[in-house]
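Inspection log for the structure reproduced underneath, given as structure tokens.
The values are calculated or read from the model by the stated rules, or taken from the named source; none is laboratory data. Worth saying up front: this structure is predicted, and the values here are computed from it rather than measured. In this analysis, Cβ positions are derived from the backbone assuming ideal geometry, glycine residues included, and neighbour counts consider all displayed protein chains.
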Amino acid sequence: MNTEGFETGLGPTSHSYISQRLRLHYVDWGNAQAPPLILLHGGRDHCRNWDWVAQALRRDWHVIAPDLRGHGDSGYAPSGDYSMSAYVYDLAQLIHQQGLAPVRIVAHSLGGNIALRYAGLYPESVTRLVAIEGMGASPEMQARRAKSTAAKRMRRWIEDGRALAARQPRRYASIDEALARMQAENTHLTPAQARYLTVHGVSQNEDGTYSWKFDNYVRTMAPVDLSQEDVQALWAAIACPTLLVYGKESWASNPLDDGRIAHFANARVVSFERAGHWVHHDRLDGFLDEVRAFL
């Protein structure tokens, strides 16, 4: 698989849609007569992280990759609302407004969490679902979080919000300086991959420096969410075949090991050697083989 770049003229087109008064961005890879396929990125990422996957699948699918609210070229939520319910609403609006259902979804991390919940809410609207490390916090982490009271979580959220309000986005003197941060985050990336992701992940400030595109407020966790029992009920309601993808060198908890696979009616787990959290980058060719066969 070529990870150096793309042939001239083969890139996607940019579009936008409205959700909760926010203008949200997505890219469309063409082939509109083919079945729709949504690629949904993770936290503090952007839609162009899917470009290698999209280029490989665009001949068979109508590939659409949105930027989550507060990410990439999508609008920032004025209220700082980056709750899971808001993200799920945005995905529901994209699918509804563009008439994409029934749709296939491939999603990573935060995007996987969103997609799994959407598929449980609207099982008739999703025909295949791939979630790369998208089940959220492990049962152990959830148990630790449950020991904190709602009041403590709310106070922490308020304090975190105040701290973020005072925090200016980090400025990098050059693309190469931002690139070094990208490479430190994922050591599996090739130099070409890391540079490509960096170029699409930053915007240039007026003084010539560069900052990551995502809103700093996405760093804080909403103090209120569905209970784990409710989330598990959504997983159980998913009707379509589901592929749960994990990297063996990742920090994420594998549902085969922690028991969460039991909440799915029709799911399979596949794990990749020599891969961390970004399996679709770390083992691109193997990932594509698995996804093509599954879709």
Tally of residues being touching a His at 6+ places or on another chain (Cβ under 9 Å), closer than 20 Å to Ile132 by Cβ and of a type in the set (A, V, I, L, M) across the range 235-269: 2
In the range 246-272, what residues are touching a helix residue (DSSP H, G or I) at 6+ places or on another chain (Cβ under 6 Å), in contact (Cβ under 8 Å) with a residue 24 or more places away in the chain and in a helix (DSSP H, G or I)? Pro255, Asp258, His263
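One line per residue, one yes/no per condition, for (1) among the hydrophobic types (A, V, I, L, M, F, W, C); (2) under 30 Å from Val130 (Cβ atoms):
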| residue | (1), (2) |
| --- | --- |
| Ala151 | yes, no |
| Met154 | yes, no |
| Glu159 | no, no |
| Ala180 | yes, no |
| Phe214 | yes, yes |
| Met221 | yes, yes |
| Asp225 | no, yes |
| Gln228 | no, yes |
Between Gln228, Gln183, which is modelled with pLDDT under 95, more than 26 Å from Ala163 (Cβ to Cβ), surrounded by 15 or more Cβ atoms within 10 Å (Cβ to Cβ) and of a type outside the set (D, E, K, R)? Gln228
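Return the only residue of Val245, Val199 being within 20 Å of the chain's Cα centre (by Cα) and crowded, with 19+ Cβ neighbours inside 10 Å.
Val245
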May I ask you to list the residues in the range 220-245 that are out of contact with any Pro (no Cβ under 8 Å at 6 or more places or on another chain) and in a strand (DSSP E or B)? Thr242, Leu243, Val245
Given (1) aromatic (Phe, Trp, Tyr); (2) closer than 30 Å to Pro191 by Cβ; (3) touching a residue at least 40 places away in the same chain (Cβ under 8 Å), identify the lone condition not met by Tyr210. (3)
Those residues that are closer than 19 Å to Asn216 by Cβ and assigned to a helix (DSSP H, G or I), I need them from the range 133-175; list them, please. Arg156, Trp157, Ile158, Glu159, Asp160, Gly161, Arg162, Ala163, Leu164, Ala165
